[in-house]
1. Can you tell me the accessible area per residue over the range 186-318, all protein chains present, probe 1.4 angstrom, in square angstrom?
2. I'd like to know which of A231, S98, N298 lies farthest towards the positive end of the charge dipole of the chain, counting +1 on Cβ of Lys and Arg and -1 on Cβ of Asp and Glu.
3. Can you find, among M1, L53, L35, the residue sitting farthest towards the positive end of the charge dipole of the chain, where Lys and Arg contribute +1 and Asp and Glu -1 at Cβ?
4. Which one is right for this structure if Rg/Rh (Cα atoms, Kirkwood Rh) is calculated from it: (i) 1.07; (ii) 0.94; (iii) 0.98?
5. Over the alpha-carbon set of the range 22-173, divide Rg by the Kirkwood Rh and report the Rg/Rh ratio to two decimals.
6. Calculate what fraction, in whole %, of the accessible area of the range 98-148 sits on carbon and sulfur atoms when a 1.4 Å probe is rolled over the protein chains.
7. Can you list the residues, at least 5 places off or on another chain, whose amide H is less than 5 Å from the amide H of V208, using H built in the peptide plane?
8. If you average the alpha carbon positions of the range 1-61 and of the range 66-133, how far apart do those two centres end up, in angstrom?
Amino acid sequence: MAVLGIDTSCYRTSLAIVSDGAICADQRRLLQVPLGGRGLRQSEALFQHVAHLGALCQAAFAEAGPVELRGVCVSARPRPVEGSYMPVFSAGEMAAQSVAAALGVPLMRTSHQQGHLRAALVDSGLALGQPFLAMHLSGGTTEVLRCAGDLGQVLLLGGTSDLHAGQLVDRVGVALGLEFPAGPMLEALAGPPPERPAVPTAVKGLQVSLSGAENQLLGMIRQGVPPEQVAAQTYSFLARTLAKLIQRAGEQTGLKRILIAGGVAASARLRGELAQRLDRLGASMDLYWARPALSGDNAVGVALMGEDLLRRGGEALS
């Protein structure tokens, strides 16, 4: 008895099948962005999702082998808040409605963010049951959250007031001539951590600003600073900024466990520097990381959310 999960984000088309917590199929296709581009219009991304879904659905069922679906779960909106909407998610919702109707199984809806967090829990070591903090770091999100023990409720505590962490990485990378999304290539390019960080943080309470850092880093590129130094300064800035945000969220809530999710969280460089920065701040926080392969956009967490919901006897997520 299995659950099909579908996620159509701004970066990737994803389908996954899970059964009793085991991943039976995980099929993804990155959306194509022209060289030098920094993303896609919603209409362009929606078209690519429609073109991908049929083949990925076939591939997912072929990978899983004979399965009996108990339900279909889809990420129908970016975040679990009223009014959260992006056209790209309508492609996945249409496909999910079609499969669920054809098989006569429940259709469940969750958010892209909850899917990210649920995928991040796989092999993270974080035990559910008690509230915990989470940080969602991607091209479209930089948020610190308070999560209920079952991810049924996700409360926004703070985050960026302008640019997102993934956007900063991608914009710096594209300016250096790297392909979009630029995270893995920028990380590979980065030299040793700078002894003297050149880009100051802008943190006020639980709000951070990243646009000033973008201007400084792009200015360094124009000035001819070696690319490996620009890349190293980018990760240094992010680690210092996020460490302050995590420390303050822990102090405000009294919660010491924090799950780090999202595509940016796949960076081994960021993981190491963030842990070091928290130690320097004296922040007694327990960090839990997503499996790198499940950090980026994927439907595994969406499918697992559906399986969790079925166990609780529900058919819809708020």
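The values are calculated or read from the model by the stated rules, or taken from the named source; none is laboratory data. It should be emphasised that the depicted structure is a prediction, and the values quoted were computed from it without experimental measurement. Glycine also receives a Cβ, built like all others from the backbone with ideal geometry; neighbour counts cover every protein chain displayed. All accessible areas refer to the heavy atoms of the entire protein, side chains included, with ligands and DNA or RNA removed. Shrake-Rupley method; radii C 1.70, N 1.55, O 1.52, S 1.80 Å.
1. For the range 186-318, the per-residue accessible area is 43 Å².
2. The Cα lying farthest towards the positive end belongs to A231.
3. The Cα lying farthest towards the positive end belongs to L35.
4. (iii)
5. Numbers: Rg = 16.9 Å, Rh = 17.4 Å.
That ratio equals 0.97.
6. Numbers: 800 of 1570 Å².
Answer for the range 98-148 is 51 percent, counting heavy atoms of protein chains only.
7. Under 5 Å from the amide H of V208: G159, T160, S161.
8. One Cα centre to the other: 13 Å.
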